[in-house]
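Working notes, structure below.
Read the figures in this text as sums done on the coordinates, not as results from a lab. Bear in mind the structure is a predicted one, so any value in this text is a computation, not a measurement. Note: ideal-geometry Cβ built from the backbone for every residue, glycine included; neighbour counts use all protein chains shown.
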Amino acid sequence: MGLIIDKMVNNNCRLGIWEIEESYDELISDLKLSREEIDKLVSFKNHRRKLEWLSVRVLLNTLTQKNNNIVYNGNRKPFLADKSYHISISHSDHYAAVIISAQNNVGIDIEKIQPKITHIAEKFINRTEFQHIESSNKIYHLYIYWCAKEALYKMFDKKDISFKDNIFIEPFIPKDEGTITGKVKTPEINEKICLNYFHINNYSLVWGYKN
């Protein structure tokens, strides 16, 4: 299937979603991988993981219209080696998602919606947030919370941030798409960020950028 969403979300942020239906050979044929990247790819034991890894890079190259080398800092936050864009990447089962910006720190997360999230909700939802969960739409509501906190975690460099204790999402009623407000509060950070979310098939996606 390939690229199913390609959207400019402001003057310098671009969002893309890739539906992974290609074979390993089809995906790798569209890339120019370094020796180090090939070694990393081969190290994955799971075939689905290899497809996700490849599809993220094909999608990123499609959005930027160039070949890219992704590197990581000490917190495993991805960067482009040439620093041409801020990037955030995510993948879940049959979808990969990327957001890029020439100016803003960005964050994105996509997750397949599954009932198992209810078993771990207490690990990332605080008491106030839990009180506002819509019981009739609990699983989807929880996934928006999770994706929002993951997107903010990525946006702020993944450093010493607890989903439950440092990231807070203001109350909202879940819809097919909408905006929510998140806060990140640590001894070093105190910021409020507007996030966007939408539902695609059986997946939840949240993205945002920091001015």
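How high is the relative contact order of the chain, given as a whole-number percent (alpha carbon pairs under 8 Å, six or more residues apart)?
Result for the chain is 17 percent.
What ranking, highest mean first, results for peptides 139-147, 108-116, 73-81, 8-16 when packing means the other Cβ atoms within 10 Å averaged over each residue?
So the order, starting with the most tightly packed, is 139-147, 108-116, 8-16, 73-81.
Per-residue HN-Hα couplings for the range 61-67, Karplus 6.51 cos²θ - 1.76 cosθ + 1.60 at θ = phi - 60°, whole Hz, x for Gly and Pro?
Per-residue couplings from phi come out as 5, 5, 5, 8, 6, 7, 7 Hz.
From the helices alone, meaning DSSP H stretches of at least four residues, give me the mean residue ellipticity at 222 nm for the chain, per-run term -39500 (n - 2.57), in deg cm²/dmol to the nearest 500.
So the helix-based figure for the chain works out to -8000 deg cm²/dmol.
Mind giving me the nanometre distance, one decimal, between the label points for TYR72 and ASP39, set 7 Å out from Cα along Cα→Cβ?
A separation of 1.5 nm, rounded to one decimal place.
Taking the simple approach of a point 7 Å from Cα along Cα-to-Cβ for both LYS158 and ASP25, what is their distance in nm?
3.3 nm
Taking the beta-carbon count within 10 Å as an exposure proxy, list LEU41, LEU51, LEU63 from fewest neighbours to most.
LEU41, LEU63, LEU51
Given Cβ point charges of +1 (Lys, Arg) and -1 (Asp, Glu) and nothing else, what value in debye, to the nearest 20, does the dipole of the chain about its Cα centre take?
Value, rounded to 20: 520 debye.
Measure off 7 Å from each Cα along the Cα-to-Cβ vector at ASP165 and SER84, then give the distance between these two points in nanometres to one decimal.
Label at ASP165, label at SER84, 4.1 nm between them.
Taking the alpha-carbon distance from LYS40 and a cut-off under 18 Å, which lysines remain once sequence neighbours fewer than 8 residues away in the same chain are dropped?
Of all the lysines, those that pass the test against LYS40 - Cα under 18 Å, at least 8 places apart if same chain - are LYS32, LYS50, LYS77.
List the pairs from LYS83/LYS158; LYS66/LYS210; LYS45/LYS185 whose alpha-carbon separation is above 27 Å, in the order I gave them.
Exceeds cut-off: LYS45/LYS185.
Using Cβ counts within 10 Å as a stand-in for footprinting exposure, how do LEU27, LEU54 rank, fewest first?
LEU27, LEU54
Below 19 Å, Cα to Cα, which lysines can LYS175 reach? Residues fewer than 8 away in the same chain don't count.
LYS112, LYS138, LYS149
Quick check on packing: order 169-176, 87-94 by the mean number of other C-beta atoms within 10 Å, highest mean leading.
Ranking the peptides 169-176, 87-94 by packing returns 87-94, 169-176.
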